[in-house]
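Nothing in this text is a laboratory measurement; each read-out follows from the coordinates by a stated rule. Keep in mind it's a predicted model, so treat the numbers as computed, not measured. A quick note on method: Cβ atoms are made from the backbone with ideal geometry, for glycine too, and the neighbour counts reach across all protein chains shown.
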Amino acid sequence: MDALCGSDPARIAGHRLLGRLGAGGMGVVYLARTPGGALVALKVIQGEYADDTGFRDRFRREVEVARRVTSRWSVSLADADPDAAEPWLATEFVPGPSLAEAVALHGPLPSHGLRVLGARLAEALDDLHAAGLVHRDLKPGNVLLAHDGPRLIDFGIARAPEDTSLTATGVVVGTPGYLAPEQAGGRDVPVVGPAGDVFSLGCVLMYAATGRAPFGGGPVDALLYRTVHDFPDTDGVPEEVAGVVGGCLEKDPRHRPTAAEVHHALAEGGRAAEGPVRWLAEPVLRLIAERSAHALALPGIDDTEVSEGAVGDDAAGSGGERVPPGAGHADPADADGAPAGGPGSTTGRRRFLALAGGAALVVAGGGTALWAALDREGPAPAGHPRRSPCTLALHADLSGGDKATGLAQERGLRLAVERFNARRNRPYTLAVRAEDDGGDPRAALRVAKTLAADPTVLAVVGPTTDTTAEASLVAYDTALVPVVAVSPGSIALALQGYRSFLHARVPDSLLAFYLNVHLRGSAGSRRVGIVDDRAADDHAWEISSTLSKVLHRDGHPQVPEVVSALRSDFRPPVDALLAAGADSVVFAGYPDRAALIAKVLHDRRFAGARVSAHPLLGERFLTAAGRAAEGWVAVAPAADPALLPAGAAFTAAHRRRFGAVPARYSVEAYDVTNMLLAGLERLGRARPTRAALLAAVRGTPYQGITKKFAFRAKTGEFVIGADNGVFRWRVERGAFRCHGPAPVSVPS
Amino acid sequence: MDHVVLRPADWGPEFVPQAVAESRPRTVAVLDGKCRWQREPLPAGVWASLSRYAELPGRDGKGTVRVTAVATVHTSELGADEQLSTTLEEVLRCREQEIRPGERLTELGSTGTPFGLRGQQWADDNVYERGMYVTREGAHPYVWSVARVGTVTVGVSVKGAAGHTAEELNRWVTQSLPQMTGRVKTRTGKEG
């Protein structure tokens, strides 16, 4: 929350103003205390807009709607005066985060929580529909979370279905990505009925279940097209709610259940979703508690009023740029993909939208669509833009289990930027910002938010691992920060539709093809043993199931062995493999447990090929396995620059700068940084935007030292070429030695 | 065991027992080296196992849907967890499986989801397997899902039939499996 400005009144209609929750072109929303002592979000429309009769009519209608909303799961109207000189409206203040914020911060809801969320939102919609109203803008940013259940907010564009005063203008009303097809179709849709809200509810539940917007992101028109024509990807929606969610997402409004039916289906006749329930995960409950505590600590009715001196540096009117503590998390559901004037202004607008959702605001008349229009036509938020430096950032594990990889990437990035800055004809000087997540997914999300909120950051290299990437890419997507990863391998990263993500290596599933060629080619395995370690969950399964499929396809014998994560004794699985005649072993898993199986194979004097993917390639395996590591091969998207034609100059420069030969993944980070720098150069001398840089890099392939970098324009997937930068590394005399590029076909 | 494994009526009012309504005492289903399902005596590490077979008789042009509910009590948590590993392994080993002559499973694929990952909060571990159930009458969707609660594993399978959508099958699975894990939790004091 921001402090009050000098121009703010101390009271409005008996309400004591405590601070600013947000501000827009047409008015301000305050946190206020009612004469009775309750906290409310109080919206005041500026006099000049109040003079416009159309505007005042819309505001009056909003108040009317709010009065008719009585559900316990909707934010209730506390008081309002649409006829005042400066009309105002006060609603119950809910200190909790929005669903969008909670999911972005702490991941999808548990399945029980999903049922509660769905049942109660459906109940709120049912009440609304029973009152003859349609919400029309249900989305994650318009659902606040409280300890006892959700609260539906923002009735700014809710109205009776037959009221076409907004749609008549031809503007799409609502938030693309959460609109029903009949709403998204635009043109001849006079009536958007209750079924449209039910569709949006399905989208919201999908988002709550998976963390993904059901129709992805991207340009508004593409999103609307997908809403009308595509079936959403319901992967990851818990089975027990998948049926209901699927019903809500029916394209034909006549086939969707009513809100009452959804409520009934999810509430299981009242058992699951009634009474006091623990429906949110611990971290979200903590967040609610913290915010409630903060609200309790605010001044009471008769405390000393905020003095002029307490007014912050905000008096210039840049209120929209400032964010209350904890409320500044951009709302992924609100991302509209429209590039604004520059990183600074984009962030400001997004923050404002997030704030509007998080603080129970309603923007008179136009809701989201109106803000979208302002975004296109209106000036950037007030303020005095300074010429800020341009920064390339590193997001990496610099202190955790994968710090060797992270530190190597930092060096590669710094070296590339320093060489850029050393040039006399450079368009500008670039700064480097490096942030450490320690390998922790939660820290990774914080890092991503910090970097995304730094308007000087043009692009990011990182993160280091699958788990940190999975946790943080959403934050980069929200702010459209180009983010280029060289070490995470999960194919899911590129398939999740993050708009600004560039996966600069082959995915793990493709490594399975290289493993196949290695085993049946140079290793000459006649019966491939595949060990899938469930301790490595999806990473292992992506590799083992793909390899198994390839071997089945080719009719090549295999012995699969899936090992429980609870198992630490690898003797039984190894003995089973050997008894079944496996003459090679592929380990799909992480290095610590690779060392366990390596030791057993060593004890059994196993002489066949032993191979694993990139996680093996590091000191952890060598240290843990000791002598048993000898002969193991890692197939990894990491090059040894010593073996590359253009690698010598890089190695020499690295040695001069850091006094050491480059560690693995340093040259890959150097390559992608140079790829970003080449993109910046093509944009000329003016200060570039993130969006322009993203387009420049995605659109033009770049030949690096290690490989050619080209990406699919739509998904950011790495385009597979002849030379994909996959190398074989073999443990010899206690160290990994590179044996050159991994072959892509079995020699005949 | 008797209280955990779903009876026909638990699946819905129209479900009835199959001609063989329960598994032979002290046996478990095992996928042999030739990818055929066999009943074998309880292995070491398993206390008890019970399967119940029910069906929704076909009518109005719809085929008969056959369902199975099974619970197995293991002597250790590791043993129970390894049953889920085995389920995953079976799909790698045999992409096609024979239930009995004339009944095959094809196009099998599976995913494992341990507790706490990807929103899975209702069992210590879960494996979900889907494919096609192929008989002389045609090919229809097939779903098999196993979950672990402590040392107990529970599973349900649904074999599709003409006129029934994959969504319907999923609904039966998603309603019945948590029902069984719930019963296990109540009886083992894992919840409360």
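Listed values, structure above:
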read-out: Reachable lysines from residue B:159, criterion Cα separation under 22 angstrom, eight or more residues apart if same chain; value: B:34, B:62
read-out: Sparsely packed trypsin sites (Lys or Arg not before Pro) within the stretch A:1-97, loop by DSSP, other Cβ within 10 Å at most 14; value: A:72
read-out: Set of lysines with alpha-carbon distance to residue A:707 below 25 Å, sequence-local pairs under 8 removed; value: A:403
read-out: Modelled FRET efficiency - R0 41 Å, residue A:623 with residue A:686, Cβ distances, 0.05 increments; value: 0.25
read-out: Burial ordering of B:34, B:62, fewest other beta-carbon atoms within 10 Å first; value: B:34, B:62
read-out: Cβ-derived FRET efficiency at R0 56 Å, residue A:658 paired with residue A:251, nearest 0.05; value: 0.45
read-out: Net length gained if the chain between residue A:739 and residue A:552 were fully extended (0.36 nm per residue, minus Cα distance); value: 64.5 nm
read-out: Theoretical FRET efficiency, 1/(1+(r/R0)^6), r = Cβ-Cβ of residue A:426 and residue A:576, R0 41 Å, to 0.05; value: 0.10
read-out: Kirkwood-type radius of the stretch A:534-596, with distances r between different C-alpha atoms, in Å; value: 12.4 Å
read-out: Nearest-ten-degree value, helix B:77-93 long axis tilted from longest Cα axis of chain B; value: 30 degrees
read-out: Qualifying lysines (Cα of each under 26 Å from Cα of residue A:43; at least 8 residues distant if same chain); value: A:139
read-out: Convex hull of the stretch B:8-188 built on C-alpha atoms - directionally averaged projected area, nm²; value: 10.3 nm²
read-out: Ranked list, fewest to most other Cβ atoms within 10 Å of each Cβ, for A:552, A:503; value: A:552, A:503
read-out: Length released on extending from residue B:186 to residue B:115, taking residue separation times 0.36 nm less the Cα-Cα span; value: 23.7 nm
read-out: Using alpha-carbon coordinates, inclination of helix B:166-188 to the longest axis of chain B, degrees; value: 30 degrees
read-out: Residues A:530, B:99, sorted so that the one with the fewest Cβ neighbours within 10 Å comes first; value: B:99, A:530
